[in-house]
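Values in this text are rule-based calculations from the coordinates and carry no lab data. Since this is a predicted model, take the numbers as computed values, not measurements. No Cβ is skipped: glycine too gets one built from the backbone with ideal geometry, and neighbour counts run over all protein chains shown.
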Amino acid sequence: MSGGTNMMRTRRNALLSALLVGSGLWFAPAASAAALAPSGAFVTNAGSPTGAGSGDETVTRARFNDFQRALRLSLQAQEALDRGADGDAEALYAQALPLFEQALGPEDLRIVGPLAGAADVYRARGEFDRAEILYRRVAFLMEQAFGTSDIHVGMALASTAETVANQGRYGQAKGIYERALSIHQATLGVDDPRTVRVLNEYSGLLEKLNRREEAEGLKARAGSPSNDELLGRSGG
């Protein structure tokens, strides 16, 4: 769907922009892993790449070089994905992710961009099990940085729910969609196109669970400001 594709592209651009900011802050002292800007974008604080008191300039430089190389590969992967070259994008992300993890560690916030990009590739290629693993990692990192109710968490959860549903695990996907929808409604409002998209996906899932009346009622009440009305009756 073109709307979903555009949304994924916007998210990848935002995450990779944060990576570019992070590359300029590599040697800055870290007070926290990340800070959420008022605009809704996030800005990373890179911190020391070698750990406190290591003093090993050679290791520092090697890790920085790995980070820079991984960043270039990620940007190339995004360009490949945007032009529809999924195979090229997958190969580039496969090179970039180990370098990011080697340079930054597996839980550094700057890794969310390539994680989400690689997950988008796997989803586009129908490799939903692999996409699910990466989307769950993105959701975890976002939650650690921004809290449980942040829209970045909601977006990652919506992507996770979609991949879980595409594997036929509808019951599990239902709970994830409910949390994602609640975050979208509380953060963006019920009329935001991103909220409507999650609502429609969740309604489609309810239909697959033979809960058509709930699905139709959910769509009919889509303009209601009450999350309890939208989710309460389908939560059982």
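Annotations
- Region 133-190: C-alpha gyration tensor shape, a/c 1.5 cut-off, then a/b vs b/c: oblate
- Per residue, the average separation of C-alpha pairs within less than 8 Å and at least 6 apart gives region 53-188 a relative contact order of 17 percent.
- Across region 94-111, computed HN-Hα scalar couplings (Karplus, 6.51 cos²θ - 1.76 cosθ + 1.60, θ = phi - 60°) run 4, 7, 6, 4, x, 5, 4, 5, 5, 7, 10, x, x, 10, 6, 4, 5, 8 Hz from first to last residue, x flagging Gly and Pro.
- Close amide-amide hydrogen proximity is noted between residue 192 and no other residue 5 or more places distant or on a separate chain, at a cut-off under 5 Å (H modeled in the peptide plane; Pro and chain starts excluded).
- Take the Cβ atoms of residue 133 and residue 102, set R0 to 22 Å, and the FRET efficiency comes out at 0.70.
- In the frame of its principal axes, region 128-236 has Cα extents of 34, 29, 23 Å, reported largest first.
- Given charges at Cβ of Lys, Arg, Asp, Glu: region 57-216 dipole, positive-most of 205, 156, 186: 156
- Paramagnetic reach from residue 65 (point 7 Å along Cα→Cβ, amide N under 20 Å) across region 101-119: 101-105
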